Protein chains: 2
Amino acid sequence: VTVRRTAAILVTGSEILLGRTQDRNSGTLARSLDAHGVRLERIVTVDDREEHLRAALDGLLAEGHDLIITSGGLGPTHDDRTVAIVAEATGRALVLDEPVLAEITAIVTGYAAQRGVPVERLLPGAIKQSMVPAGAHVLSPAGTAPGVIVPGATTVVVLPGPPTELAEVWAAALVHPVLADLISAQLERRILRIWSTPESTVARAFEALGGDDHGTETSICATRLEVEVVVRFPPEARVAGNRLADGLVEEFGAAVYAEDDLTIEARVVAALCERGLTSGTAESCTAGMIAARLGNVPGASATLRGGFVAYANDVKTAQVGVPAELIERHGAVSAEVARALAEGVRERLGCDVGIGVTGVAGPGGGSEAKPVGLVHIAVVGPHGLGEALERRFPGDREAVRTNTATAALHLVRLLLQRLPAGA
Amino acid sequence: VTVRRTAAILVTGSEILLGRTQDRNSGTLARSLDAHGVRLERIVTVDDREEHLRAALDGLLAEGHDLIITSGGLGPTHDDRTVAIVAEATGRALVLDEPVLAEITAIVTGYAAQRGVPVERLLPGAIKQSMVPAGAHVLSPAGTAPGVIVPGATTVVVLPGPPTELAEVWAAALVHPVLADLISAQLERRILRIWSTPESTVARAFEALGGDDHGTETSICATRLEVEVVVRFPPEARVAGNRLADGLVEEFGAAVYAEDDLTIEARVVAALCERGLTSGTAESCTAGMIAARLGNVPGASATLRGGFVAYANDVKTAQVGVPAELIERHGAVSAEVARALAEGVRERLGCDVGIGVTGVAGPGGGSEAKPVGLVHIAVVGPHGLGEALERRFPGDREAVRTNTATAALHLVRLLLQRLPAGA
């Protein structure tokens with residue numbers, strides 16, 4: 001039977017406890033651990049004070065996890081105590097790692113030249129950052145702080161706090177033999193993303209299929225207008241795992257729109273690219289969110305021509321060509337105006353797929369006929385194809401706008417699925 | 001001497017440990033606790049399993065915090081065990097709270113009618129959610145789960161997991177006499193937000209002013225292109241606290257742009273509103289982010305007319321009126337094109353303030369002359385006033401785009417500050 005490894009994360013950062021910054025690292029590590037079949041059991045966040053950090057680390061070591069990952073506290077000053085405390089807690093001396101000192105010295109020499117400061121000022125920090133627990137494996141720095149793997153009954157991985165540095169050093173840690181051995185008993189996963197179906201409906205279907213059995217572990221999570229099902233199983237439970245996943249695919253049919261972790265905007269950009277199609281947006285209540293999300297996908301420029309933020313009604317008319325009398329007759333928040341926005345952007349920008357949205361984001365501006373949260377979305381494409389959706393979203397202004405943008409991207413996906421191949 | 005209360009947060013949620021959703025509640029609570037002078041010492045996140053939840057709660061109780069706040073695990077099914085475990089850990093029986101049962105019954109009766117399900121199906125859940133620790137104070141539900149305050153040497157506050165419910169029930173908890181008494185020894189704060197100044201420069205100025213003394217506690221945190229300084233002090237250290245804050249204001253002058261927690265977009269919308277001015281955007285690399293951020297401020301429609309996502313060069317020309325030969329001569333990523341975008345949107349939408357941005361967001365598209373991260377931002381306003389900025393931002397595509405949008409909003413702020421009063 002496959003034994004699942006367990007892990008805990010120790011995040012240090014006073015700014016997080018003061019609510020001034022948000023911890024993004026534990027999410028990055030959590031996703032990665034799950035993808036590697038490791039069960040994350042606990043995340044502990046403490047401030048930078050030595051006694052708090054030590055108590056938290058001792059507590060986690062006592063819990064007997066296979067893996068502890070720390071984030072932060074690796075800076076060049078002596079306030080950054082994580083490595084020293086890990087050395088102490090694991091009963092190891094701090095020793096200077098000559099190869100990493102050479103690496104860091106080269107890096108800070110570059111910094112010093114760039115900023116015009118004498119390199120001597122940065123060398124004490126470089127030496128401090130090169131002190132590691134005796135016998136630890138050192139991972140090259142992404143900034144100036146190296147990562148450290150301390151093997152043992154509990155393997156401790158020490159990572160820098162800046163999110164991009166953490167991601168880079170963690171990627172190196174994952175392929176290091178010590179960790180590769182530890183997490184080699186990898187679980188398999190089936191990810192199913194189900195669009196526009198209530199979580200309770202998915203949960204009932206899952207129970208009707210017999211639920212978890214033979215060592216499968218399934219999570220069902222409603223998020224971003226979709227339900228994400230992840231069925232995890234060790235190789236020996238592959239039949240049971242696939243039976244569950246296939247059963248759900250059969251049950252929900254076309255609503256199962258993805259079996260991976262891609263965002264909907266990445267999926268839309270890829271689908272447009274594949275078909276050689278371009279897109280454009282005309283957004284009222286979302287005011288640019290849809291275009292901004294498409295634009296965040298690397299390579300979006302090949303498929304996104306541009307768009308309009310058509311907030312004021314006369315901008316809808318003058319820039320996107322929505323007839324003023326249409327707005328007058330049906331109101332700015334209407335299926336007709338959403339359609340005219342989508343058609344207008346398609347025509348004015350000469351793009352293949354036009355996206356139009358209009359709605360009442362709130363908190364003001366609602367009426368009995370058009371309450372806060374009411375949105376109309378239209379997508380028009382080649383061959384006269386179109387998709388339209390009217391929804392009333394709950395939640396605050398941000399929730400209404402975000403859900404509207406997500407729903408619009410799904411309509412593009414649905415429209416592209418209906419296009420004849422090669423069109 | 002003012003004694004600071006301490007707190008810990010216990011977050012439950014398997015989805016967080018699986019990396020499928022992000023915990024937003026601890027940030028909400030952290031900001032609120034700091035604003036009330038409570039020192040948050042630890043955040044612990046565990047999954048929904050009973051033994052994990054119990055071990056974490058026992059651990060936090062043993063640490064002797066004044067306050068423990070739990071988030072999540074209050075649903076209507078018996079998998080949601082937080083209240084029962086808090087009762088057990090604090091040595092109290094679970095008892096039915098009749099008034100809250102009446103409240104919840106009324107709520108679920110409404111749900112049942114809406115969804116056309118028999119109310120009897122929802123009543124067992126209502127009864128489960130009305131079971132609270134004996135002697136606890138019950139806070140009315142925002143969804144169907146009530147909050148609970150269990151007084152004691154450590155006061156335990158039990159809150160529902162959905163972020164909007166948590167925020168609402170926490171607001172009610174804060175004004176409940178038990179908590180109001182506990183956190184009455186409130187610290188005062190001075191918040192200083194310093195634009196475009198390196199964190200190390202601010203830290204050195206802080207040290208030169210003598211640093212923390214007489215019970216002040218200062219945090220310095222670089223985020224969103226700015227440095228946030230929060231000086232916290234008890235009433236008896238007011239002189240020292242104000243001396244520090246005033247010293248920094250004097251040192252950094254106009255770079256100190258705010259003494260509150262407002263976002264830059266909220267500040268810009270308010271400043272536009274105050275002056276009766278309208279705005280518009282013409283965005284290339286940010287592709288709608290600036291408009292979307294302005295549009296997220298309630299009441300933005302009074303000041304945001306709309307904008308263009310001018311991704312393709314011919315869209316810059318045809319829709320925003322950027323001369324094609326300007327793009328040809330200087331390249332799409334240039335100060336000249338940013339300026340033409342800003343002027344174009346101002347003219348085409350007839351708005352008072354035009355915002356234009358263009359840049360290389362990456363990861364592709366960079367060259368030696370125009371590397372990834374290079375952005376040009378221009379803002380033009382009434383009376384021929386204008387602001388322009390060239391920056392090279394580090395980081396990935398999302399970081400470059402987000403920083404560009406933030407910088408553009410700051411340029412609007414700077415331009416509005418230069419406008420003559422009443423203009």
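The values are calculated or read from the model by the stated rules, or taken from the named source; none is laboratory data. Note that the coordinates shown come from a computational prediction; the quantities given were computed from them, not determined experimentally. Cβ coordinates were reconstructed from backbone atoms using ideal geometry, including for glycine residues, and neighbour counts include every protein chain displayed. To get the accessible areas, we keep the full protein, side chains included, count just its heavy atoms, and leave off ligands, DNA and RNA. Shrake-Rupley method; radii C 1.70, N 1.55, O 1.52, S 1.80 Å.
If you scale each eigenvalue of the Cα gyration tensor by 5 and take the root, what three semi-axes come out for the range B:100-171, rounded to whole angstrom and sorted largest first?
Largest first, the range B:100-171 gives 25, 14, 8 Å.
Once the label point is placed 7 Å from Cα along Cβ, list for residue B:253 the distances to the corresponding points in the other copies, in nm, shortest first.
Shortest to longest, the spacings are 7.0 nm.
By a straight-distance test (C-alpha under 22 Å), which lysines pair with residue A:370 as possible cross-link partners, with residues fewer than eight away in the same chain excluded?
In chain and number order, the partners are A:316.
Where in the range A:246-273 does the amide nitrogen come within less than 13 Å of the point 7 Å from the Cα of residue A:188, taken along Cα to Cβ?
Answer for the range A:246-273: A:246.
Ignoring ligands, DNA and RNA, what percent of the accessible area of the protein assembly as shown is carbon or sulfur (1.4 Å)?
Of the solvent-accessible surface of the protein assembly as shown, carbon and sulfur hold 53 percent.
Which FRET efficiency value, to the nearest 0.05, do you get for residue A:121 and residue B:223 by plugging their Cβ-Cβ distance into 1/(1 + (r/R0)^6) with R0 = 30 Å?
So the FRET efficiency works out to roughly 0.75.
With charges only on Cβ, +1 for K and R and -1 for D and E, what is the dipole size of the range A:15-137 about its Cα centre, in debye, rounded to 20?
Dipole magnitude for the range A:15-137 comes out near 280 debye.
Which length gain, in nm to one decimal place, applies between residue A:178 and residue A:134 when the Cα-Cα distance is subtracted from 0.36 nm times their residue separation?
14.3 nm
When you look at the Cβ of every residue in A:295-302, what mean number of other chain Cβ atoms sits within 10 Å?
6
Given the -39500 (n - 2.57) contribution per DSSP H run of 4+ residues, what per-residue ellipticity at 222 nm results for chain A, rounded to the nearest 500 deg cm²/dmol?
Calculated at 222 nm, the ellipticity per residue is -12500 deg cm²/dmol.
For the range A:196-318, what does the relative contact order come out to in percent, with C-alpha contacts under 8 Å and a separation of six or more?
Relative contact order for the range A:196-318 comes out at 18 percent.
Place the label 7 angstrom along Cα→C-beta at residue B:62 and in each other copy, then list the distances from the first to the rest in nm, shortest first.
0.4
Diagonalise the Cα gyration tensor of the protein assembly as shown and give the resulting equivalent ellipsoid semi-axes, square root of 5 times each eigenvalue, largest first, whole Å.
With the √(5λ) rule applied to the protein assembly as shown, the semi-axes are 41, 36, 30 Å.
For the range A:1-129, what Kirkwood radius comes out of the mean inverse Cα-Cα distance, in Å?
By the Kirkwood definition, the hydrodynamic radius is 16.6 Å.
Give me the percent of DSSP beta bridges within the range A:279-375 that run antiparallel, rounded to the nearest 5.
10 percent
Run the paramagnetic zone check for residue A:199: 7 angstrom along Cα to Cβ, then residues of the range B:47-63 with backbone nitrogen under 14 Å.
Answer for this model: B:48.
Given that compact globular proteins tend to follow 2.2 N^0.38 Å, what is the ratio of the alpha-carbon Rg of the range A:47-103 to that value?
1.21
Distance in nm between label sites at residue A:418 and residue A:314, each 7 Å beyond Cα in the beta-carbon direction?
3.7 nm
Treat every Asp and Glu Cβ in the protein assembly as shown as -1 and every Lys and Arg Cβ as +1, leave all other atoms uncharged, and give the resulting dipole magnitude about the Cα centre to the nearest 20 debye.
Value, rounded to 20: 1660 debye.
From the P(r) of the range B:200-253, can you give the percent of Cα pairs sitting at distances over 18 Å?
26 percent
From the square roots a ≥ b ≥ c of the eigenvalues of the alpha-carbon gyration tensor of the range A:1-75, which class results: rounded (a/c under 1.5), prolate (a/b over b/c), or oblate?
It comes out oblate by the Cα gyration axes.
Tell me, how many Å apart are the Cα centres for the range A:68-83 and for the range B:22-70?
23 Å
Roughly how crowded by other chains is peptide A:26-37, in terms of the mean Cβ count from those chains within 10 Å of each of its Cβ atoms?
Mean shielding by partner chains, rounded to a whole number: 3.
What accessible area, in Å² to the nearest ten, does a 1.4 Å probe give for residue A:21?
Here the residue's solvent-accessible area equals roughly 50 Å².
Where both partners of a DSSP beta bridge lie in the protein assembly as shown, what percent of those bridges are antiparallel, to the nearest 5?
Around 60 percent of the beta bridges assigned by DSSP in the protein assembly as shown are antiparallel ones.
Compare A:310, A:102, A:282 in a GNM of chain A, Cα atoms joined below 10 Å, and give the one with the largest fluctuation.
A:102
Is there a quick way to get the dipole size of chain A? I mean about its Cα centre, with the Cβ of Lys and Arg at +1 and of Asp and Glu at -1; what is the value in debye to the nearest 20?
840 debye
For the range B:237-280, just the Cα set please: Rg and Dmax, both in angstrom.
Answer for the range B:237-280, Rg first and Dmax second: 14.7, 46 Å.
Report the convex hull volume per residue for chain A, counting only C-alpha atoms, in Å³.
Convex hull volume per residue, Cα atoms: 191 Å³.
Given an 8 Å cut-off on Cα distances and at least 6 residues of separation, report the relative contact order of the range B:8-69 as a percent.
50 percent
Please report the buried accessible area for the interface of B with A, total over both chains, probe 1.4 Å, in Å² to the nearest 100.
Chain pair B/A: roughly 5100 Å² of buried accessible area.
Highest mean first, how do B:43-49, B:233-239 rank when packing is the count of other Cβ atoms within 10 Å averaged over residues?
Most protected by this proxy first, the peptides run B:43-49, B:233-239.
What is the local net charge at residue A:138, summed over the other residues whose Cβ is closer than 11 Å to its Cβ (Lys, Arg +1; Asp, Glu -1)?
Neighbourhood net charge equals -3.
Find how many whole Å separate the alpha carbon centroid of the range A:247-313 from the alpha carbon centroid of the range B:375-405.
Centre-to-centre (Cα) distance: 25 Å.
Report the Cα centroid-to-centroid distance between the range A:133-184 and the range A:322-336 in angstrom, as an integer.
58 Å
Might you tell me the accessible area per residue for the range B:253-399, computed with a 1.4 Å probe and given in Å²?
Ligands and nucleic acids excluded, the figure is 38 Å² per residue.
Taking 4 °C and 1.567 mPa s as the conditions, I'd like the Stokes-Einstein D for the range B:327-423 in µm²/s, using the Kirkwood hydrodynamic radius from alpha carbon pairs.
94 µm²/s
List the residue from chain B whose beta-carbon is nearest to the axis that rotates chain B onto chain A, together with that distance in whole Å.
So the closest residue, with its distance, comes out as B:288, 1.
Can you find, among A:211, A:142, A:152, the residue sitting farthest towards the positive end of the charge dipole of the range A:89-223, where Lys and Arg contribute +1 and Asp and Glu -1 at Cβ?
Checked the options; the winner is A:142.
Could you tell me what fraction of 2.2 N^0.38 Å the Cα radius of gyration of the range A:108-263 comes to, as a two-decimal ratio?
1.53
Please name whichever of B:297, B:310, B:363 sits farthest to the positive end of the charge dipole of the range B:288-423, dipole taken about the Cα centre and charges placed at Cβ: Lys and Arg +1, Asp and Glu -1.
B:297
Got the relative contact order for chain A handy, in percent, Cα pairs under 8 Å and 6 or more residues apart?
Across chain A, relative contact order equals 10 percent.
Can you list the copy-to-copy distances for residue A:121, using a point 7 angstrom from Cα toward Cβ, in nanometres, shortest first?
Ordered by increasing distance: 6.9 nm.
Each label point is 7 Å from the Cα along the Cα-to-Cβ direction; what then is the distance between the points at residue B:106 and residue A:55, in nm?
Between residue B:106 and residue A:55, the simple spin-label model gives 4.3 nm.
Taking amide H positions as placed in the peptide plane 1.01 Å from N, state which residues far from residue A:6 in sequence (5 or more) or on other chains have amide H under 5 Å from it.
A:39, A:66, A:67
Could you compute Rg(Cα) / (2.2 N^0.38 Å) for the range B:200-320, with N its residue count?
1.46
Quote the accessible area belonging to residue B:195 in square angstrom, nearest 10, computed with a 1.4 Å probe and with ligands, DNA and RNA left uncounted.
The value for residue B:195 is about 30 Å².
Taking every DSSP beta bridge that has both residues in the range B:219-321, what percent is antiparallel when rounded to the nearest 5?
So the antiparallel bridges in the range B:219-321 amount to around 50 percent.
Rank B:40, B:279, B:132 by how far each Cα sits towards the positive end of the charge dipole of the protein assembly as shown (+1 on Lys, Arg Cβ; -1 on Asp, Glu Cβ) and give me just the farthest.
Of the listed residues, the answer is B:279.
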